Each structure stands twice: as C-alpha cells, then as structure tokens.
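Structure, as structure tokens:
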Amino acid sequence: MATTAESGPNPSAAPHKGSPHAAPAPAPQLKPALIPPAPRPSPVNKLGVAAVVITVVLWASAFVGIRAVGPSFSPGSLTLGRLAIAAVVLGLVVLPKLRNLPKGREWWPILAYGVMWFGGYNVALNAAEHTLDAGTAALLINVNPILVAVMAGVILKEGFPRWLIIGSLIAFAGVAVIALGSGQRSTADVVGVLLCLLAAVLAAVSVIVQKPVLRKFPAAQATWFGIMIGAICCLPFSGQLLGELQRAPLPATLGLVYLGIFPTAIAFTTWAYALSLIDAGRLAATTYLVPGTTILISWLVLGEVPTAWGLVGGVICLLGVGLTRRKSR
C-alpha cells in the first residue's frame with residue numbers, strides 16, 4: 001500500500017537547497033533603523049571662540065594698562081597687586097561652588113603653573129618692559145606660541161600639523177614686522193632680553209602643565225588655584241606694594257584694579273576654558289593676535305597712531321592665525 005508521500009508531492013516541502021530548481025534567496029533587507037547615520041562634522045563651539053576673543057582682547061589691553069601704571073608700580077608689587085585683586089574677585093565666583101580640593105599629586109601641576117605663570121612670568125615680563133622697547137618685547141614674548149606648539153606635539157601627543165607650523169611661522173613673521181615698525185630704536189638691554197625670553201618659556205611650559213589639570217577641574221577653579229599660589233609667592237613684595245599704593249595717583253590705582261579684574265581674573269579664566277576645548281598648540285597660535293590688538297587699543301585709548309609697518313604686521317598675523325585653523329589632509 002502506498003504511503004501518502006508516495007502518492008504525490010508534498011506541497012509544503014521546499015526544493016532542496018542544492019537543487020537546480022531552487023529559487024534564488026532574496027537579498028537581505030536592512031532596516032532603516034540599522035543603517036548608521038553619516039558622521040557629521042563637530043560644530044564649532046561658540047563659547048570656545050568667544051573665550052579666545054575675550055582672552056586676546058583683554059591680554060592686549062594689559063600691555064596698555066601696564067604702560068600706564070608702570071611709573072607708579074615696580075614689577076613685583078604690580079604682580080602682587082594684580083594677583084591679590086584677581087584672587088578676591090575670582091574667589092567670589094569659585095568659593096560658593098567649590099566642593100573638592102586637589103588631593104596629593106594633583107597639586108603638583110597646579111603648584112608648577114601657579115609659580116611659573118602667575119608668579120614668575122608676570123614679574124619677569126614687568127621687569128623686562130622697564131628696559132625693552134615695545135616692539136622688541138612683543139617679538140620676544142611671541143616665541144611662546146612656537147614653544148607651546150613644539151612641546152604640545154611632543155608631550156601632549158598633539159603632533160605637528162602642517163598648517164599649524166606654516167601658520168605659526170607666518171604669524172611670527174607678522175610680529176617681527178610689528179617690532180620693526182614699533183617706532184623705538186633703543187638698544188635692547190641684555191638683561192631685559194633674557195627676562196623676556198624667560199617669561200616666554202615660563203608661559204609655554206605652564207600651558208602644557210595646565211592642560212591635563214583642566215580635565216579634572218573647571219577653568220575658573222584651575223585659574224583661581226594658580227592665582228592664589230602666584231600671590232603667595234609674591235608676598236615678599238607686599239611692603240613695597242603698600243608703600244607704592246600710598247604714593248600712587250588715583251588713575252594708576254584704578255589701572256591696577258583693572259589689570260587685576262580683566263586681564264588677570266577674567267582673561268586667564270577664559271584662556272583656561274578655551275584650553276579645555278582646543279589643542280594647546282592651536283590655541284597658543286591665537287596669541288599672535290595680541291600685538292596687533294594692542295596697537296589698535298593704543299590707537300583708540302592713548303591716541304597712538306599705528307605705523308604702516310604695524311598695520312601690515314597685524315594683517316600678516318591675522319593671515320597666519322587663520323592658516324593654523326586649517327586641517328591637514
């Protein structure tokens with residue numbers, strides 16, 4: 001007796017996979033939800049750009065302010081005055097939100113940039129500007145971004161992007177043009193040159209040291225810690241500061257207050273915030289804009305008309321800094 005299977009084909013049985021009559025398998029269909037979206041370029045952080053602009057403008061104004069109050073305050077007392085005012089002003093912002101202090105080894109980099117940048121850099125730069133003309137000082141201080149780019153490439157592993165190097169060299173050439181047209185032709189004092197170069201080195205090393213700290217602490221806190229340490233280092237100048245404050249005219253005292261609040265408390269905080277978002281080498285290159293901005297502020301505030309060399313140098317600096325923002329292919 002024949003079975004059901006023998007009586008006819010089973011309609012539910014599919015052709016064998018290897019059979020020539022097998023229908024081709026349909027191509028797998030990917031669900032739209034499984035298709036990853038195309039990567040979008042990361043948007044430009046507007047707050048970071050604003051922080052860079054504020055830093056450049058306020059640091060540029062510091063040169064005008066230092067020139068205005070320089071006859072009334074010596075380098076050490078001027079540094080202590082700025083830091084003391086900045087410590088109070090920024091402390092009003094930081095202390096209410098301060099929950100955790102650095103612990104153990106976390107203090108070492110903070111101590112380093114507090115001593116080198118907020119203390120040593122400011123004293124050295126103030127002393128150098130007593131013996132160097134503005135053009136030479138601007139040229140020497142702007143060795144700093146090149147040093148930062150080199151150390152960031154080696155220590156922070158940021159590499160050496162082609163456009164960063166090209167743009168930095170062009171911007172440095174612009175600073176050199178500004179220096180040539182500074183209008184002063186006094187012979188640079190050797191001690192002043194060495195102090196200015198020391199200030200540039202201290203600032204460059206401090207940027208590299210500060211960068212990792214900003215991964216653990218907010219910009220305002222990291223800045224306030226450094227300001228406090230720098231102020232403590234400058235306490236030996238306190239007697240000198242008190243004597244000079246008694247003799248200083250009111251405009252010089254107000255200038256000291258301005259330097260403490262704006263180029264110190266605010267600008268160093270906006271710098272730290274920008275440094276937490278941008279590579280150290282690229283950010284340092286933006287400081288090539290400081291000399292040109294200083295010329296503009298001097299023109300508007302002090303009535304010092306810039307020379308043609310100064311204007312040309314400023315344009316070259318803008319071009320160079322713009323090139324540092326390009327990405328190598």
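The values are calculated or read from the model by the stated rules, or taken from the named source; none is laboratory data. All values derive from a computational prediction rather than experimental measurement. We place every Cβ from the backbone using ideal geometry, glycine too, and count neighbours over all the protein chains shown. Each accessible area value is taken on the protein alone, full model and side chains, heavy atoms only, with ligands, DNA and RNA left out. Shrake-Rupley method; radii C 1.70, N 1.55, O 1.52, S 1.80 Å.
Taking residue 72 as meeting all but one of (1) crowded, with 23+ Cβ neighbours inside 10 Å; (2) of a type in the set (Gly, Ala, Ser); (3) outside any helix (DSSP H, G or I), write down the number of the exception.
(1)
Just checking, how many residues over the stretch 103-133 are surrounded by fewer than 18 Cβ atoms within 10 Å (Cβ to Cβ), modelled with pLDDT of 90 or more and not hydrophobic (A, V, I, L, M, F, W, C)?
4
Hey, any hits in the stretch 265-284 for a residue that's within 30 Å of residue 166 (Cβ to Cβ), touching a Pro at 6+ places or on another chain (Cβ under 7 Å), open to solvent by less than 40 Å² (accessible area, probe 1.4 Å) and at pLDDT below 95?
Scanning the stretch 265-284, I find at least one residue that is within 30 Å of residue 166 (Cβ to Cβ), touching a Pro at 6+ places or on another chain (Cβ under 7 Å), open to solvent by less than 40 Å² (accessible area, probe 1.4 Å) and at pLDDT below 95, so the answer is yes.
Take the residues of the stretch 163-181 that are modelled with pLDDT under 75 and open to solvent by 40 Å² or more (accessible area, probe 1.4 Å): which is nearest to the chain's Cα centre (by Cα)?
Selected residue: 163.
Got a sec? Which of 53, 93, 57 is within 14 Å of residue 220 (Cα to Cα), surrounded by fewer than 22 Cβ atoms within 10 Å (Cβ to Cβ) and not polar (S, T, N, Q)?
Going through 53, 93, 57 in turn, just one is within 14 Å of residue 220 (Cα to Cα), surrounded by fewer than 22 Cβ atoms within 10 Å (Cβ to Cβ) and not polar (S, T, N, Q): 93.
Pairs, please: C-beta under 6 Å, at least 6 apart or cross-chain, first residue farther than 13 Å from residue 291 by Cα and of a type outside the set (D, E, K, R) and in the stretch 130-150, second surrounded by fewer than 24 Cβ atoms within 10 Å (Cβ to Cβ) and at pLDDT below 75?
The qualifying pairs are 131/189; 132/188.
If you go through the stretch 291-314 one residue at a time, do you hit one that is buried (at least 23 other Cβ atoms within 10 Å of the Cβ), in contact with a Cys (Cβ under 6 Å, 6 or more places away or on another chain), modelled with pLDDT under 85 and part of a helix (DSSP H, G or I)?
Looking for residues that are buried (at least 23 other Cβ atoms within 10 Å of the Cβ), in contact with a Cys (Cβ under 6 Å, 6 or more places away or on another chain), modelled with pLDDT under 85 and part of a helix (DSSP H, G or I), one finds at least one in the stretch 291-314, hence yes.
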